[in-house]
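Here is the structure we will look at, set down as structure tokens.
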Protein chains: 2
Amino acid sequence: MDTKKKDSIKLTPQRIAIIECLEGNTSHPSAAEIYSVVSEKYPTMSFATVYNTLQTLREKGRVIELSIDSGKMRFDPNTKPHHHLICVQCKNITDVHRKFALNLPEGERCDYEIIGNHVDFYGICPGCKKKK
Amino acid sequence: MDTKKKDSIKLTPQRIAIIECLEGNTSHPSAAEIYSVVSEKYPTMSFATVYNTLQTLREKGRVIELSIDSGKMRFDPNTKPHHHLICVQCKNITDVHRKFALNLPEGERCDYEIIGNHVDFYGICPGCKKKK
DNA sequence: TTTTTACTTTATAATTATTATAATATAAGA
DNA sequence: TCTTATATTATAATAATTATAAAGTAAAAA
Ligand SMILES: [Mn+2]
Ligand SMILES: [Mn+2]
Ligand SMILES: [Zn+2]
Ligand SMILES: [Zn+2]
């Protein structure tokens with residue numbers, strides 16, 4: 001809710017545009033998609049700024065990186081634990097807010113210290129179903 | 001168990017080396033790691049051959065691509081459905097053979113046709129725990 | 001308010017993973 | 001053995017991301 005001092009970042013117009021693009025965005029955009037949106041408002045926007053800002057936001061815990069799409073990173077401003085429903089065809093990602101009680105029994109933990117888990121559901125989205 | 005005619009591929013020494021490198025391999029190697037292993041036996045081995053062969057094996061359903069590690073693909077010769085335990089520090093991937101009964105209720109499916117699911121457990125592996 | 005300073009943006013180059021191309025080589029069937 | 005479709009290789013091309021360094025600017029200090 002409220003941001004601690006350590007979480008504050010210098011608010012430049014570019015950063016504000018990137019943050020606004022992400023705010024409430026459930027499309028899990030790639031860096032290129034974010035660049036494409038913000039560069040409309042700021043034509044001088046550089047790709048490096050998008051990457052720099054995303055890295056800063058990640059360090060501050062305001063965005064999460066998803067390694068779901070092969071080749072490119074996708075970003076999620078929803079940092080609360082949740083799961084995903086992924087279209088295997090168009091790679092659309094939809095949030096799943098339901099909680100799952102998944103506990104690995106001692107024997108399956110291989111001495112790992114377990115931090116958390118994440119479920120990916122795979123399927124075909126309504127849009128792709130329509131296209132036969 | 002037995003390979004159908006359609007699944008047969010021309011067996012070259014390079015392909016055999018790559019297949020043998022993958023056979024029973026539970027380390028979920030990257031293309032570079034596979035190249036590094038097979039190029040010891042075949043010094044003329046090309047990176048393109050590793051990628052070509054991996055693509056062929058994937059098309060034949062003999063290997064699975066994992067988009068877990070940011071930046072690079074990792075490959076899993078175990079194509080039976082299973083889950084993973086991932087070290088957030090060194091990106092070691094350990095198989096989890098336990099089954100989870102995960103069914104999304106109608107309301108959460110967003111009209112997707114659901115094909116399957118996969119669970120990633122995150123944690124710190126014993127090796128990384130030791131290094132403080 | 002002006003000055004200072006540390007941080008940010010930008011253009012550009014570099015890096016890394018992967019895919020494409022085309023000439024040469026070869027496994028496997030006739 | 002001969003033939004041919006397919007595989008391998010060197011090499012170039014592409015795509016995503018990271019690094020560098022000069023120039024700009026938000027915010028703190030004076
Ligand atoms: Mn999400
Ligand atoms: Mn596995
Ligand atoms: Zn789709
Ligand atoms: Zn580890």
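The values are calculated or read from the model by the stated rules, or taken from the named source; none is laboratory data. None of these values were measured; they are calculated from a predicted model. Note: ideal-geometry Cβ built from the backbone for every residue, glycine included; neighbour counts use all protein chains shown. Heads up: the accessible areas ignore ligands, DNA and RNA and are worked out on the full protein's heavy atoms, side chains in. Shrake-Rupley method; radii C 1.70, N 1.55, O 1.52, S 1.80 Å.
Some observations on this one:
- Filter result (more than 8 Å from every other protein chain (Cβ to nearest Cβ), within 16 Å of ligand 3 (Cβ to nearest atom) and exposed (fewer than 15 other Cβ atoms within 10 Å of the Cβ)) within segment A:64-97: A:GLN89, A:CYS90
- Segment B:98-128 - residue that is of a type in the set (Gly, Ala, Ser) and free of Cβ contacts under 8 Å to residues at least 12 places away in the same chain and, of those, surrounded by the most Cβ atoms within 10 Å (Cβ to Cβ): B:GLY107
- Subset of segment A:20-50 [within 16 Å of A:ASP69 (Cβ to Cβ) and either acidic (Asp, Glu) or open to solvent by 70 Å² or more (accessible area, probe 1.4 Å) (or both)]: A:THR26, A:GLU33
- Exactly one residue among B:THR49, B:THR53, B:THR44 is in contact with a Lys or Arg (Cβ under 6 Å, 6 or more places away or on another chain), within 16 Å of DNA strand C (Cβ to nearest atom) and under 24 Å from B:LYS10 (Cβ atoms), and that residue is B:THR53.
- Some residue of segment A:95-104 being among the aliphatic types (A, V, I, L, M) and within 16 Å of ligand 2 (Cβ to nearest atom): yes
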